[in-house]
1. Filter the cross-link list LYS136/LYS190; LYS129/LYS190; LYS108/LYS168 down to pairs whose alpha-carbon distance in this structure exceeds 29 Å.
2. Residue by residue through the range 22-32, which ³J(HN,Hα) values in whole Hz follow from phi under the Karplus form 6.51 cos²θ - 1.76 cosθ + 1.60 (θ = phi - 60°), with glycine and proline marked x?
3. Given an 8 Å cut-off on Cα distances and at least 6 residues of separation, report the relative contact order of the range 114-195 as a percent.
4. Can you put TYR165, TYR224 in order of Cβ neighbours within 10 angstrom, beginning with the fewest?
5. Please give the FRET efficiency for ASP149 paired with SER227, using the beta carbon to beta carbon distance and R0 = 35 Å, rounded to the nearest 0.05.
6. What order do you get for PHE7, PHE179, PHE67, PHE79 when you list them from fewest to most C-beta neighbours inside 10 Å?
7. For the residues ILE132, ILE2, ILE220, ILE152, what sequence is obtained by ranking on other C-beta atoms within 10 Å, fewest first?
8. If you place +1 on the Cβ of every Lys and Arg, -1 on the Cβ of every Asp and Glu, and leave all else neutral, what size is the dipole of the range 105-158 about its Cα centre, to the nearest 20 Debye?
Amino acid sequence: MISRGVFVEELIRSELWKHGPPWLREDKSTWPSQGIPETKFSVEELELKKKCDSEQILHPDPLFERFSSYQTLLNVVGFCFRFCNNARYKQRRNFSSVLSVAELQHAKTALVRFVQDKRFPDDLHRLKKGFIVSSKSPLRLLSPFLDADGLIRVGGRLRLADTPYDVKHQIVLPGFHPFTLLLLKFHHRKLVHSGIQMTLAVVRDEFWPLNGRKAVRSAIRSCYECSRAIVLSGDETGLSICTPPMVQISSARKMHCTRCIKCFSPDPIATKSTSISPKKTSSGT
Ligand SMILES: [Zn+2]
């Protein structure tokens, strides 16, 4: 009544306002019932979704959370494998301080197998039995298959293409797994803080991260150097976008100021112009 507008006289005389609807004073069994629309999810589906959420929160991967560098992670796992081999085969002990290429490759394969086993257990199980992945799998569009090391790789129609095996059939990785983000950050830094397109192109020479563009964007956003460069080129410097700012280019007593345009870009290919005009002005102007 209040929300629809009512005069005070009507409100004072209103029994509905004072006592509520008449059926509210009757027995509960006589109350009018209103059909509740059925939900489109079954109870099993709702419980399954709840279980997935709790798994992500309660069981993170502590192995990857401890490292902030892909190379460090690879080295640590490689030395762990060497320790096991030294303890197992005492005649072939290796005490070198540097890991070989084969040891690093073995560590990388073991890490990827661990990640795939954690994130794609059903798909891995079906592929090991010789079946294709289910129609609900996120890998269904990739025609995945298992390679000799037991890793899930991208299938497709490039089997006869004259390109390396890793480029034709990349290793599948979950998009936002900590291991994938470490790998993306490693390539982003290796390419001198490259952009999304270049980082993803280089990563896809060997790996196929699901939701690749979003994952690379997330990795770049967490890059300290890139975030710092973006801030420096933005509002905090107080640079005017109308005219080039006056910049002091010498610390000598008789200083010179010149107009300068400096562009910060994390992408080494799309190089932005950096120019300093030759016209000099006196100090204080
Ligand atoms: Zn960066």
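1. Details: LYS136/LYS190 36 Å; LYS129/LYS190 39 Å; LYS108/LYS168 19 Å.
Cα-Cα > 29 Å for LYS136/LYS190; LYS129/LYS190; rest within.
2. With coefficients 6.51, -1.76 and 1.60, one gets x, 5, 5, 8, 7, 5, 4, 5, 8, 5, x Hz.
3. Numbers: 65 pairs, mean separation 16.7, N = 82.
Relative contact order here is 20 percent.
4. Details: TYR165 10, TYR224 7.
Ordered from fewest to most neighbouring Cβ atoms within 10 Å, TYR165, TYR224 come out as TYR224, TYR165.
5. Step by step, r from the Cβ atoms, then E = 0.45.
6. Numbers: PHE7 8, PHE179 21, PHE67 17, PHE79 14.
If I rank by nearby Cβ atoms, fewest first, I get PHE7, PHE79, PHE67, PHE179.
7. Values: ILE132 15, ILE2 7, ILE220 19, ILE152 26.
Listed from fewest to most nearby Cβ atoms, that is ILE2, ILE132, ILE220, ILE152.
8. On the way: 11 positive and 5 negative charges, 25 e Å.
Using only the charged Cβ atoms, the result is roughly 120 debye.
Every number here is computed from the coordinates shown, using simple stated rules; none is lab data. Note that the coordinates shown come from a computational prediction; the quantities given were computed from them, not determined experimentally. Glycine also receives a Cβ, built like all others from the backbone with ideal geometry; neighbour counts cover every protein chain displayed.
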